[in-house]
Amino acid sequence: MSKTQRKDEGFRSISPAEFFYRNRQMAGFGNPTQAVYSTVRELVENSLDACEDAQRLPKIRVDIESSLSDTLTVTVADNGTGVPYDQVPEAFGRVLYGSKYDRRQRRGSFGLGVTMAVLHGQITTDSPVLVHTRDDKSSGMSYNILVDIEQNVPVVEEEQVRYRDHEGTTVSIRLRGDLRRAQERVLEYLRLTTVASPHARLRLVIDDSLDMTIGGLVDTVPALPVPSKPHPRAADVELLRKLIEKSEHKGLRSFLIDSFQQVGGRSASRLLRFMGLHPDTEVKALNREELSLLGTVLRSFDGFGRPDSRSLSPVGQDDFHKSVESTFNASLVRFAGRGPSEWEGNVFMLEGVVCYGDEFPAADIPSMYRFANRVPLLYDASECVLMKTLKRVNWSRYGARGSQPAALFIHFCSTKVPYKAAGKQSIAHLPQIEEEALALYRKLGRALNMFVKKKERSSRERKKIRDFSKMFNLMARYGAALAGYDNAPSTSHMVRRLFEGDVDV
Ligand SMILES: Nc1ncnc2c1ncn2[C@@H]1O[C@H](COP(=O)(O)OP(=O)(O)O)[C@@H](O)[C@H]1O
Ligand SMILES: [Mg+2]
């Protein structure tokens, strides 16, 4: 064997399925507790997305059966769109395959979640995923699917016509996991899910030990976010190449207007004049340098509007108020929002509420509940830009005290959430997001401060009233005794008149 041959040994490529099989912790399947939580989370997220696509109020049932101490079956059933039959094998048996790669707010994004859960189930219990689905075209099909890890292709073990009484999907995964430890997390996840998706009704059944229904706090389905074209600030050479390939326009000016959002006739002409290019320059004839320059200018040109926020679905003031108030039995709930803004051409908004409640721990800094695209984020808080920024605010200036347990609920929504890892638990540190988060915290801080001041003022007033009442009573008693009356007259009307309008007497 020659030296060169030996050097080549060991080189090969692996499939995405094998990559995630080897690096399960990256996608949130690193230990038996996380595996249970992530399986529930991925299935519930898909169900919620499918119900919103169908524009129906989600009714989702989560069943957890623990057959052996370390083996359980998670089944999630929804009333969503169902999955087109020809897509079922790939959607559940192929890593990085999905229908949510367009530019609008969705819970899922990578085409990874459910297949990771399927993969984990397969590796730990050697069982296929069971999918029973019905779309609007027929009456039901069921499938047993495994993943061929080496090739990243689905293996359909069984496929049969099976009636389902309404549209939607039921997915069942058997896995090894630690339910005892995961149960609290699963409950918290579902409860917080109904905070950010108050229109969803979730029922959780665990063996014979638990059967509870939560959510259904509002009865309107949020409007479906509209997929948007890319914003010019997202233009890199790769995107330009793809858009040019797809475009029917030959001239540069009409290509720009048609392919990007926020580019109108005037801004396109200004940009081309600035670059010294003719509006009819043929796009397909642009060379590498010209493309790269076009990308740079598109990204830095300041004549374009902000990205379209119709591709977002924020919770909104009324629903956020309602859901936090009723889920946490909280008092004072104040809402604030920021945006729309953008990071690298992706539109985003931040919204949040601040509140008080006995359920929150008393600390000098309010506790924080994080959400991204309506999904609660429960792990890796210290890595997240929302948490890091929270610590930059001087909360004592806003009246936060250890004695008054306050909490913030912060929702980041975007056409693309810059997650730090495939497990989708923390948001990356980007200056635009940090700046907006800081501004949001200050707004919420001011609301908190006003409340604290008002409360302090009213408790001072109340003390004064108590003192005056005592004094008047004493005077009335002495006066009555001097005048020879047995009973002293009531003095409460005097106190009321004195403090009228200030505070409830
Ligand atoms: N309950 C469901 N209802 C409808 N479609 C589903 C459901 N679960 C999964 N899918 C489809 O399977 C695809 C792959 O799911 P997943 O691996 O979780 O990726 P993602 O949600 O990030 O797209 C989804 O994009 C969706 O089209
Ligand atoms: Mg998903």
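The values are calculated or read from the model by the stated rules, or taken from the named source; none is laboratory data. Remember, it's a predicted structure, so these values are computed and weren't measured experimentally. Cβ atoms come from the backbone with ideal geometry, glycine included; neighbour counts cover every protein chain shown. Areas reflect the complete protein model, heavy atoms only, side chains present, ligands, DNA and RNA absent. Shrake-Rupley method; radii C 1.70, N 1.55, O 1.52, S 1.80 Å.
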Report, in degrees rounded to the nearest 10, the 0 to 90 angle that the Cα long axis of helix 237-246 makes with the longest principal axis of the chain.
70 degrees
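Could you list the square roots of 5 times each eigenvalue of the Cα gyration tensor of the stretch 120-160, that is, the equivalent ellipsoid semi-axes, sorted largest first and rounded to whole Å?
Result for the stretch 120-160: semi-axes of 23, 11, 8 Å.
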In debye, nearest 20: dipole of the chain around its Cα centre with unit charges on the Cβ of K, R (+) and D, E (-)?
2340 debye
Could you derive backbone 3J(HN,Hα) for the stretch 31-43 from the dihedral phi with the Karplus parameters 6.51, -1.76 and 1.60 (θ = phi - 60°), listing whole Hz in sequence and x where the residue is Gly or Pro?
9, x, 6, 4, 4, 5, 4, 5, 5, 4, 4, 5, 5
In whole percent, the Cα-Cα distances of the stretch 158-317 spread across 5 Å bins from 0 upward as 1, 7, 12, 13, 10, 7, 7, 8, 9, 9, 9, 5, 2, 1, 0
Per residue, the convex hull enclosing the Cα atoms of the stretch 11-135 spans a volume in Å³ of 125 Å³
Any idea how far the Cα center of the stretch 123-178 sits from the one of the stretch 239-315, in Å?
43 Å
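Taking a 1.4 Å probe, which of HIS231, HIS493 shows the most accessible area, and what order do the others take after it?
The ranking, largest first, comes out as HIS493, HIS231.
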Got a number for carbon plus sulfur as a percent of the stretch 16-131's accessible area, 1.4 Å probe?
51 percent
For the chain, which semi-axes, largest first and in whole Å, follow from the square roots of 5 times the eigenvalues of its Cα gyration tensor?
52, 34, 21
Which one of SER309, VAL354, THR220 has its Cα pushed farthest toward the positive end of the charge dipole of the chain, where Lys and Arg give +1 and Asp and Glu give -1 at the Cβ?
VAL354
Simple SL model, points at 7 angstrom along Cα→Cβ for ALA483 and ASP302; separation in nm is 7.8 nm
From the convex hull of the Cα coordinates of the stretch 385-425, what is the mean projected area in square nanometres?
4.0 nm²
Under a point spin-label approximation (7 Å from Cα along Cα-to-Cβ), what is the ILE123-SER69 distance to one decimal in nm?
2.4 nm
P(r) tail for the stretch 379-505, what percent of Cα pairs lie past 23 Å?
58 percent
Give me the one-decimal Kirkwood hydrodynamic radius in Å for the stretch 38-98, with the sum taken over alpha-carbon pairs.
12.8 Å
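Obtain the radius of gyration and the Kirkwood radius of the stretch 304-412 from its C-alpha atoms and give Rg over Rh.
That ratio equals 0.98.
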Taking a cut-off of 16 Å between Cα atoms, list the lysines near LYS420, but don't count ones fewer than 8 places away on the same chain.
LYS388
Mean Cα-pair separation over length for the stretch 30-123, i.e. relative contact order, pairs under 8 Å, 6 or more apart, %
28 percent
Would you list the P(r) distribution for the stretch 122-229, with all Cα-Cα distances sorted into 10 Å bins from 0 and each bin expressed as a whole %?
11, 26, 35, 26, 2
Any chance you could get the radius of gyration and Dmax over the Cα atoms of the stretch 84-136, in Å?
12.1, 36
Could you work out how much longer the chain between ARG288 and ASP102 gets when fully extended? Use 0.36 nm per residue separation minus the Cα distance between them, nm to one decimal.
64.3 nm
Rounded to the nearest 0.05, what FRET efficiency do LYS453 and MET26 have when you use their Cβ-Cβ distance and R0 = 45 Å?
0.45
Once you put a point 7 Å from the Cα of ILE257 and another 7 Å from the Cα of ILE365, both along the Cβ direction, what distance in nm separates them?
5.1 nm
In the stretch 396-505 the accessible area split gives carbon plus sulfur, as whole percent at 1.4 Å, a share of 53 percent
Per-residue accessible area for TYR379 at 1.4 Å probe radius, Å² rounded to 10?
40 Å²
With N residues in the stretch 109-183, what two-decimal value do you get for its Cα radius of gyration over 2.2 N^0.38 Å?
1.22
Mind grabbing the base-10 log of I(q)/I(0) for the stretch 210-279 at q = 0.15, 0.20, 0.24 Å⁻¹? Debye formula, identical points on the C-alpha positions, no solvent, two decimal places.
-0.58, -0.88, -1.15
